[in-house]
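Take a look at the structure set out below.
Laboratory data are not the source of any read-out in this text; all were calculated from the coordinates shown. What you see is a predicted model, and the numbers here were worked out from it, not measured in a lab.
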Amino acid sequence: MAVQPVPSDPIPTAGPGPSRADILELVRNSLAEKTGYDAYEFEEDDALEADLGIDTVKQDEVVADLRERLALPADAAPPSDGAPTVGGLADAL
């Protein structure tokens, strides 16, 4: 009697990633934790440095936090337009 191979269960595929609204909420929450502002105060078109006074060091901390929360690789790029906004950061992730 020959042994028949047992079919393996299909490897589950990852579902769709978080929505833009979910990512935007994460961005706002991370910014709030790092700056002391309330999350609801951040508008999508607020420039992180010019409008909110968030310097590049703090921006790097926020990006690192978001990479960790979203399980992104360390080289996941933040916006590079020179004047990132809250919405631009969400879009970059």
- For D51 and A64, calculate 0.36 nm times their separation in residues minus their Cα-Cα distance, and state this gained length in nm to one decimal. 2.6 nm
- Taking 0.36 nm per intervening residue step and subtracting the Cα-Cα distance, what contour gain separates L72 from D91 on full extension? 5.5 nm
- Query: Hey, what do the phi angles of region 51-68 turn into as Karplus ³J(HN,Hα) couplings, whole Hz, using 6.51/-1.76/1.60 and θ = phi - 60°, x for Gly and Pro?
  - Reply: 8, 10, x, 8, 6, 5, 5, 5, 4, 4, 5, 5, 4, 4, 4, 5, 4, 5
